[in-house]
Structure formats: structure tokens, C-alpha cells
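Encoded as C-alpha cells, the structure appears first; notes follow it.
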């Protein structure tokens, strides 16, 4: 059947009006960032049974509501037509692609995030150009004008983000430049921060969700004015080449390299630079010697807060990680 393009004509009936799960699972972490994908499938027809395009106003009116009672979604549930880039809740199965629908079926995707603690059964709602409201919970605003019923919904289940113990986080050191001479150590070590879940699977960190405050710390070999052997620390976001350092640390004539050497996708880079040519600076040594607070989001939108410090007051070549 040929679709009529006159959007001024209201449809007579929705031959298809279904709300379906678009992602692999209806669960989502209740962090306000991870989303569940929901898809509304619609096929409108006119009085003669011909497929009819929805008007712009009808498309714009389409949104999600509560299945029970038809109220708008509460503020703990946010529906958007934009995918924010966080990975969906892990699931063992993948959903099949759309197929078998009539050619003129229209699909509308919604992405829902939540901070709620209880499940929510969701329905879809559309307003016809004549003002009649139609929902997928079997109700309509004017049963006399639209006697047809549609019944489909998805129940979304929020999950509390896991609180991983410290031993699930790993800080692995790798030499990326220079050598460690006995009397003149000048090198750069990257300490890569990664995470494993309770099954031992790697969970990547997101670049956009990582900060370190302050952006770095410093420690000289000894706190005397003649000391020039020093280690200072900065960071790089997962997979990114831009290096960040604490501008409050005085490094004499030395300028930190703004580029991360060998960044790794999904892992934070904590950069430790060892030098033998920067004179001791009392204010930097006492005010900027750590710890630094790492704040990072994983690919599911869950937050992680950790502290990184020098291993000890006598060991400036290694770093120690702790929960914040």
C-alpha cells in the first residue's frame, strides 16, 4: 500500500502501536547516566486502510508515560531521544535486528536513565492532530473517537552500582622513557589504572569522565635546598594523548611534556616523571606532595573515587592506590 503524504489528514487508526525493548536488557544502573533503549513502533492508516504518514505535530507528541495511571514519568526517570554514549547494562544475549514489519512502519527510539530505586513500567503516548490521546496501556482520552486498544509496555529495573573493593583496581607500572641510573635517574613511568568486575572481566574507564585533583604532586629525594633529584606526577585520561600536571608545582626551568606516551584505551594513565635537575622548592614540596583524588566514570556511567600517593616519604619511584 502506498503511504499518503498529506500530513494535514489525521490517521484513522494505528495498525501498529507497540513499545519494545531496544537494548539487550531492561536493567540499568541507577546512576543517572546509563540508559536503556526503548523503541516505539507505529504504523498509521487512514479510513480506507492506506498507510498514512504521521504529522510533525503527532511525531513531536510521542513520548513515554507510566503504564499504570498514564502519568508523566517522575523526575527520577529521564527520557531522551539522544543516546549519551554509555554502554548498556551487561547482558548475555543480544536482541535481534528489526525485521518482518510492514514497509511503512515508523520507528522512534527513546533512551531512559534513572536514579530511582524501584522498577517502572513504561508505556508510550501519542496525540492525534484532533487532540485524541492514545496510549499503549490500553487507554485513550476519547474512547468514542478512538475505540481501538493497544497494550504493550516495558518494565525498567534500576540496579545499585557495585562498590568494588580495592583489589579489583590495578595500578600497573610501565617504563615509557629513559633509564633508571643509580646516581642520575631520569625517566618516565606510566602507571595504568584498570578495573575488573566481580567475574574478573575488565571494565573500561571513559576518557570524558576522568579528573585528578589536584592534577599532580611532587616529592624530592630529600628536603634540602641543594637537592635536585625529584619525582612529579600528572595524569592522562583513558586513551587520550593530552597530559595534565599541577601548575602550582614549581619546577624551575623544566616544562612537563604535554603528551602522554603510550596511552591505553579504557585505562587511566598516572604519569610519574623522575628528574635529577630540578632544585628543591619548599612550598611545592610541602603543599603539593599528595595525595591526589582520582574521579573516573566507567563505560556504564558508574563513578569511582580513588586516591594515589607516593609509596612513602623515602620512595618517590612508586605509587600507592587507596579507596577515597
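Every number here is computed from the coordinates shown, using simple stated rules; none is lab data. Values in this document were obtained by computation on a predicted structure and should not be read as measured data. Note that we place each Cβ from the backbone using ideal geometry, even for glycine, and neighbour counts take in every protein chain shown.
Descriptive notes on the structure:
- The listed residue being in contact with a strand residue (DSSP E or B) (Cβ under 6 Å, 6 or more places away or on another chain) and in a loop (DSSP other than H, G, I, E, B), out of 32, 49, 69: 32
- Pairs where the first residue, in region 60-77, is free of Cβ contacts under 8 Å to residues at least 40 places away in the same chain and the second is in a strand (DSSP E or B) and buried (at least 16 other Cβ atoms within 10 Å of the Cβ), C-beta under 7 Å, 6+ apart: 71/65; 72/65
- So residue 123, is it more than 21 Å from the chain's Cα centre (by Cα) and within 24 Å of residue 30 (Cα to Cα): yes
- Yes/no for residue 118 being over 18 Å from residue 41 (Cβ atoms) and surrounded by 22 or more Cβ atoms within 10 Å (Cβ to Cβ): no
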